[in-house]
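Input: a single structure, listed below in structure tokens.
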Amino acid sequence: MSKTIRSDDDLWRLIREDQESAFTQLMERLFASLIHYGRKFSSDKELVQDCVQDVLVDLWMRRTLTQPIQSIRTYLFASVRHSVCRRARQNQRFGSLPSDVEDMPFTISFSVEETWIADEIDRERLHQLNLLMNQLPPRQKEIIYLRYYQGLEKDQIASILDINYQSVSNLLHRALTNLRSQFPTSLPVLFWLYFSFLEN
């Protein structure tokens, strides 16, 4: 008999009913993605891991107190985003990080030197795409990452970034227009290759 695969939000409903097994399933499902996202704001692995663990522990401790959440995945990504940025600013030595989370750098670390790619044309395109991606404003890079790497919908991205749906659409359109001007070939295929080699 096949095991039922519950959605994130179904698991959240069970968590609110004090089912620890549902919390464990949700944590196992999202932990790596939350770590990966947090690392885009800080290179400190321990800081990011502590933040993600704190967010998850807080979720469990406040499971019956938390206001209704439409999308638990969106809630957790937004919580990790704010937690990592806040902790990174607190730990900085010389005040080089911006005070506003919206101005925090969003770093996509990528290298094909350590990755074997048989097709030299693909390798060159990935190098070019990486250069262009890192020239985009942080918010546009973050939206592309959330949309194409994490597979989130525009409304979920809007909730995570605390902006409206139209702003997400506009920023995504600008980023893709800029990238398409340099790449007449299929961007989805390039994104698939690009994010396949994205560093953790």
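Going through the stretch 72-88 one residue at a time, which ones are basic (Lys, Arg), more than 12 Å from the chain's Cα centre (by Cα) and surrounded by 17 or more Cβ atoms within 10 Å (Cβ to Cβ)? 87 - this is the single residue of the stretch 72-88 that is basic (Lys, Arg), more than 12 Å from the chain's Cα centre (by Cα) and surrounded by 17 or more Cβ atoms within 10 Å (Cβ to Cβ).
Name the residues in the stretch 143-182 that are of a type in the set (Gly, Ala, Ser) and either in contact (Cβ under 8 Å) with a residue 12 or more places away in the chain or in a helix (DSSP H, G or I) (or both), would you? 158, 159, 167, 169, 175, 181, listed by residue number. Candidates are the residues of the stretch 173-185 that are modelled with pLDDT under 85 and either over 10 Å from residue 140 (Cβ atoms) or of a type in the set (D, E, K, R) (or both); the one that is surrounded by the most Cβ atoms within 10 Å (Cβ to Cβ) is 183. On the stretch given as the stretch 22-57, residues that are of a type in the set (Asp, Glu) and touching a residue at least 24 places away in the same chain (Cβ under 8 Å) total 3.
Residues are listed down the side, and each one gets a yes or a no for (1) in the same structural domain as residue 50 (by TED's automatic domain parsing); (2) in contact with a strand residue (DSSP E or B) (Cβ under 8 Å, 6 or more places away or on another chain); (3) modelled with pLDDT of 65 or more:
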{"residue": "85", "(1), (2), (3)": "yes, no, yes"}
{"residue": "94", "(1), (2), (3)": "yes, no, no"}
{"residue": "97", "(1), (2), (3)": "yes, no, no"}
{"residue": "114", "(1), (2), (3)": "no, no, no"}
{"residue": "142", "(1), (2), (3)": "no, no, yes"}
{"residue": "154", "(1), (2), (3)": "no, no, yes"}
{"residue": "166", "(1), (2), (3)": "no, no, yes"}
{"residue": "187", "(1), (2), (3)": "no, no, yes"}
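The values are calculated or read from the model by the stated rules, or taken from the named source; none is laboratory data. This structure is a prediction, so every number in the text was calculated from the model and none was measured. Glycine also receives a Cβ, built like all others from the backbone with ideal geometry; neighbour counts cover every protein chain displayed.
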